[in-house]
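See structure below.
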Amino acid sequence: MKITEHIKNANGKTLFSFELLPPVKGQRIENIYDAIDPLMEFKPPFIDVTYHREDFIYKQHPNGLLEQVSYRKRPGTVAICAAIINRYKVDAVPHLICGGFTKEETENALIDLQFLGIDNVLVLRGDARKGDASFIPTPGGHAYATDLLQQVVNLNRGVYLHDNSDAQKSDFCIGVAAYPEKHFEAPNMKTDFDYLKMKIDMGANFIVTQMFFDNQKYFDFVNLCRENGITVPIIPGLKPITSSKQLVSLPKIFHLDLPEDLTKAITSCTSEKDVKEVGIEFMIEQCKELIKFGAPVLHFYTMSNPGPTKRIAEAIF
Ligand code: FAD
């Protein structure tokens with residue numbers, strides 16, 4: 001079922017969902033089930049699975065020369081989605097990214113998803129590869145999420161890349177990302193917002209936000225969207241702080257601000273166990289406020305570690 005239908009059917013009740021990372025290469029599907037099983041009691045209507053582009057590693061030859069080798073650390077997104085649908089009978093939402101795919105490969109991936117009965121996709125540009133200073137599009141692929149979105153919208157209209165004879169229309173419900181605190185490459189909030197508006201005008205059906213810890217940023221962002229005619233569901237992305245190191249790593253990686261009261265509470269902890277408790281309690285209060293505001297879904301970035309999310313969901317749902 002489409003995410004927009006799940007939200008409509010909930011009649012204003014806030015739903016629970018979460019995101020998983022495919023395990024690193026060499027792990028078993030049971031690792032995924034271990035990350036999902038503890039959260040199923042909260043009845044997620046859908047589960048997202050991230051997509052990870054290839055990185056480069058360097059192999060040294062006996063003569064000392066280094067060879068650059070392309071390597072995907074976390075393969076398996078589509079297969080994990082199929083396994084989730086099969087085992088849990090809930091919708092799985094694969095993330096689709098520009099990086100690493102030609103347009104032909106994207107079209108073939110979308111056909112696979114259709115055949116698997118996947119109704120929703122989250123369309124993204126994707127992160128830069130580790131060794132690259134910024135995002136480098138794959139030759140023959142897309143440079144921005146808007147370009148990839150156009151391809152999915154075209155497929156929904158029955159427009160394939162080359163041969164349209166007898167083409168069936170797909171019917172994907174399409175999500176896009178948004179940044180209540182601005183995407184880090186955007187020169188200002190207005191420019192970033194204009195591209196988001198473009199994505200919605202092109203046909204995106206729902207929005208999932210980057211994580212944030214100050215609800216006011218989400219409230220202001222939702223109001224900005226509504227004032228500018230964006231009516232689609234805006235799903236807040238959430239992640240509890242679980243270690244003191246994240247006071248530095250989260251702002252660095254995700255370009256967000258951590259509220260002063262949260263920062264102070266964490267720095268005054270005397271153990272990592274206490275930090276985790278502070279992070280969970282803070283997120284519980286954040287969730288209560290988001291529900292009061294009318295957030296359609298609370299979507300947790302579990303990083304495949306279900307423990308903290310389970311504690312929060314127990315207090316909320
Ligand atoms: P875009 O919308 O393409 O935006 C990128 C930048 O370009 C922005 O600054 C924007 O303002 C600007 N821009 C947008 N459109 C245009 C245009 N047409 N012309 C010029 N400029 C433009 N990464 C992964 O690799 N795998 C994942 O599974 C993944 N999942 C994510 C899930 C969520 C909910 C979020 C919020 C992020 C996720 N990411 C993932 C990270 C994401 O790929 C990065 O944040 C990336 O840098 C931007 O992706 P985007 O889709 O927002 O890009």
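Bear in mind that the values in this text are calculations on the coordinates, not laboratory data. Bear in mind the structure is a predicted one, so any value in this text is a computation, not a measurement. No Cβ is skipped: glycine too gets one built from the backbone with ideal geometry, and neighbour counts run over all protein chains shown.
Points to keep in mind about this one:
- Ranked list, fewest to most other Cβ atoms within 10 Å of each Cβ, for 208, 152: 152, 208
- Rounded to 5, the percent of DSSP beta bridges in the chain classed as antiparallel: 20
- Percent of beta bridges antiparallel (DSSP, segment 11-89, rounded to nearest 5): 65
- Gaussian network model of the chain, springs between alpha carbon atoms under 10 Å - residue of 172, 213, 293 with greatest fluctuation: 293
- Stretched out straight at 0.36 nm per residue, the stretch from residue 60 to residue 112 would grow longer than its current Cα-Cα span by 15.0 nm.
- If R0 equals 25 Å, the separation of the Cβ atoms of residue 315 and residue 24 corresponds to a calculated FRET efficiency of about 0.20.
- Dipole axis of segment 3-316 (+1 Lys, Arg; -1 Asp, Glu on Cβ), positive-most option in 249, 128, 143: 249
- Gaussian network model of the chain, Cα within-10 Å springs - most flexible of 215, 164, 205: 164
- Full-stretch length increase - residue 284, residue 31 - with 0.36 nm per residue and alpha-carbon distance subtracted: 88.4 nm
- Alpha-carbon gyration tensor eigenvalues x 5, square-rooted, for segment 1-109, Å: 35, 17, 10
- Of 264/288; 190/310; 89/182; 199/264; 2/245; 25/252, those spanning more than 28 Å from alpha-carbon to alpha-carbon: 190/310; 89/182; 199/264; 2/245
- Estimated dipole of segment 3-316 in Debye, rounded to 20 [Cβ of Lys and Arg +1, of Asp and Glu -1, Cα centre]: 320
- Calculated FRET efficiency for the pair residue 1/residue 277, C-beta based, R₀ 51 Å, to 0.05: 0.90
- Relative contact order, percent, the chain [alpha-carbon distance under 8 Å, six or more residues apart]: 20
- Restricting segment 235-278 to GluC sites (Glu not before Pro) in coil, as DSSP defines it, with at most 15 other Cβ within 10 Å: none
- For segment 3-316, the square roots a ≥ b ≥ c of the C-alpha gyration tensor eigenvalues yield an a/c under 1.5, which makes the shape rounded.
- GNM result for the chain, Cα springs below 10 Å: residue of 133, 295, 82 fluctuating most strongly: 133
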